[in-house]
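Enquirer: Below: one structure in structure tokens.
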Amino acid sequence: MFKENLKGFLTYIPEELHQDKFFLDVSLSDLSTYKVGGRAALYLKVEDSSIFSKVIEGLQKFPLPVLLLGNGSNVLISDEGFDGLVLKLGDSFESIEIDGTIVKAGAAAKLPLVARQTVKFGLKGFEWAVGVPGTIGGAVKMNAGGHGSDMAASLLEVTTLNLLTGLLINVPVSQLEMSYRHSCIKNADLVLAATLKLHEGDKYESNNLLKEIVRWRRDNQPGGQNSGSVFTNPESDSAGRLIEAAGLKGLRVGSACISEKHANFIQVDEGGSADDVRKLMLLVAEKVEEIHSIRLKPETVLVGFDRDSA
């Protein structure tokens with residue numbers, strides 16, 4: 001059924017629309033910061049919104065699983081890949097508009113760039129994002145955060161497009177049910193833009209804060225092939241502390257190992273395996289539960305894996 005729907009979907013989209021935009025059998029390892037994962041049956045990088053109506057109509061007639069991908073900095077895609085449509089927003093969705101203390105950013109805008117741009121305009125409140133290697137869209141969906149703040153702290157509203165119904169709406173933050181690393185934005189809802197409310201600040205102080213955050217991350221978090229924090233922090237504790245206290249720093253499964261620099265990071269060898277990362281995640285969760293009686297929950301979005309308890 002999948003192959004028939006895939007063929008029908010591509011046939012339905014006019015050739016002039018999908019030429020040089022849709023790609024079959026694309027490696028996903030280059031689209032994630034882990035640099036691992038299988039292949040996508042179909043990949044679309046959207047450069048302008050004119051294609052959305054036909055894509056939605058095509059999906060209604062020929063349903064396909066859809067994976068919305070931002071910077072790939074908080075996702076682990078299995079070695080089996082993704083049998084469906086992987087959709088990524090292009091450069092035209094990276095705009096950053098600043099009017100007084102109001103900031104409107106496209107969903108593909110990189111968080112560090114938004115942080116630096118707002119400081120350049122004399123605003124404060126988004127400095128925390130300078131070291132987060134994600135995009136506005138993904139950050140809104142998971143309520144990304146760090147250094148004592150998160151997206152919910154400055155978010156006013158988001159613009160979303162439902163890929164099942166075509167409904168385009170602006171949703172105020174009060175309706176997003178945002179909490180620690182969570183929002184109620186559904187997988188079918190594509191975030192197109194976000195509006196933030198920041199505060200007037202001191203450029204000198206904010207620039208110093210940017211430098212301090214970058215320095216702290218460089219000193220305390222690993223580089224290389226990783227996807228940031230692997231597990232969410234349990235209440236009143238940190239996943240990194242629990243993992244380190246369990247003696248798991250340096251623990252390795254195949255091509256994946258727990259970072260010696262920060263225990264809540266997994267680093268992957270070049271040419272490594274997503275399945276090794278997943279096995280290591282499960283092993284760490286089991287060991288931590290065995291020692292601390294706390295079951296860690298993944299912060300990393302898992303794609304193509306069976307739904308395990310961690």
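Enquirer: Anyone know which of LYS141, LYS88, LYS21 comes out most mobile in the 10 Å Cα GNM of the chain?
Expert: Of the options given, LYS21 has the highest mean-square fluctuation.
Enquirer: Rank SER259, SER50, SER78 by mean-square fluctuation in a GNM of the chain with C-alpha springs under 10 angstrom and give only the top-ranked residue.
Expert: Highest fluctuation among the options: SER50.
Enquirer: Which parts of the range 214-239 would a label at TYR180 reach, counting a residue when its backbone N lies under 13 Å from a point 7 Å out along Cα-to-Cβ?
Expert: 231-239
Enquirer: From Cα pairs below 8 angstrom and at least 6 apart in sequence, can you work out the relative contact order of the chain, rounded to a whole percent?
Expert: 17 percent
Enquirer: Hey, got the dipole for the range 221-291? About the Cα centre, +1 on K and R Cβ, -1 on D and E Cβ, debye to the nearest 20?
Expert: Dipole of the range 221-291, to the nearest 20 debye: 120 debye.
Enquirer: Give, rounded to the nearest 20 debye, the magnitude of the charge dipole that the chain has about its Cα centre when Lys and Arg contribute +1 at Cβ and Asp and Glu contribute -1 at Cβ.
Expert: Charge dipole, the chain, about its Cα centre: 320 debye, nearest 20.
Enquirer: Please list 3J(HN,Hα) in residue order for the range 34-44, calculated via the Karplus relation 6.51 cos²θ - 1.76 cosθ + 1.60 where θ = phi - 60°; whole Hz, with x for glycine and proline.
Expert: The phi angles translate into 6, 6, 9, x, x, 10, 9, 4, 8, 10, 10 Hz.
Enquirer: Taking the Cα centre of the range 2-89 as origin and charging only Cβ (+1 Lys, Arg; -1 Asp, Glu), how large is the dipole, in debye to the nearest 20? Numbers along the way, then the final one.
Expert: Details: 9 positive and 12 negative charges, 26 e Å.
Approximately 120 debye in magnitude.
Enquirer: Counting alpha carbon pairs within less than 8 Å and at least 6 residues apart, what relative contact order, in whole percent, applies to the range 93-218?
Expert: Values: 258 pairs, mean separation 39.4, N = 126.
Normalised by residue count, the contact order of the range 93-218 is 31 percent.
Enquirer: Using a simple spin-label model with points 7 Å from Cα along the Cα→Cβ vector, what separation in nm is obtained for PHE2 and GLU15?
Expert: Spacing of the two 7 Å Cα→Cβ label points: 2.8 nm.
Enquirer: Using a Gaussian network for the chain with springs between C-alpha atoms less than 10 Å apart, which of these wobbles most: GLY37, GLY247, GLY58?
Expert: Highest fluctuation of the listed residues: GLY247.
Enquirer: Something else now. Do you know the relative contact order of the range 2-89, to the nearest whole percent, from alpha carbon pairs under 8 angstrom that are 6+ apart? Write down the numbers at each step before the final one.
Expert: Values: 145 pairs, mean separation 32.4, N = 88.
It comes to 37 percent, rounded to a whole number.
Enquirer: Rounded to whole Å, give me the distance from the Cα center of the range 164-203 to that of the range 58-112.
Expert: Taking the Cα centre of each part, the range 164-203 and the range 58-112 sit 14 Å apart.
Enquirer: Still on this structure: Taking a threshold of 27 Å on the Cα-Cα distance, which of the pairs LYS249/LYS297; LYS110/LYS197; LYS35/LYS203; LYS21/LYS141; LYS35/LYS110 fall above it?
Expert: With Cα atoms farther than 27 Å apart: LYS35/LYS203.
Enquirer: Taking H as built 1.01 Å from N, whose amide H comes closer than 5 Å to the amide H of VAL46, not counting residues under 5 places away?
Expert: LYS88, LEU89, GLY90
Enquirer: Report the antiparallel proportion of the DSSP beta bridges in the chain as a percent, rounded to a multiple of 5.
Expert: In the chain, approximately 75 percent of DSSP beta bridges are antiparallel ones.
Enquirer: How about the range 103-178: which GluC sites (Glu not before Pro) there lie in a loop by DSSP and see at most 14 other Cβ atoms within 10 Å?
Expert: The qualifying sites are GLU177.
None of the figures in this text is laboratory data; all of them are computed from the coordinates on show. This is a predicted model, so every value here is computed, not measured. Every residue, glycine as well, gets a Cβ built from its backbone with ideal geometry; the counts of neighbours run over all protein chains shown.
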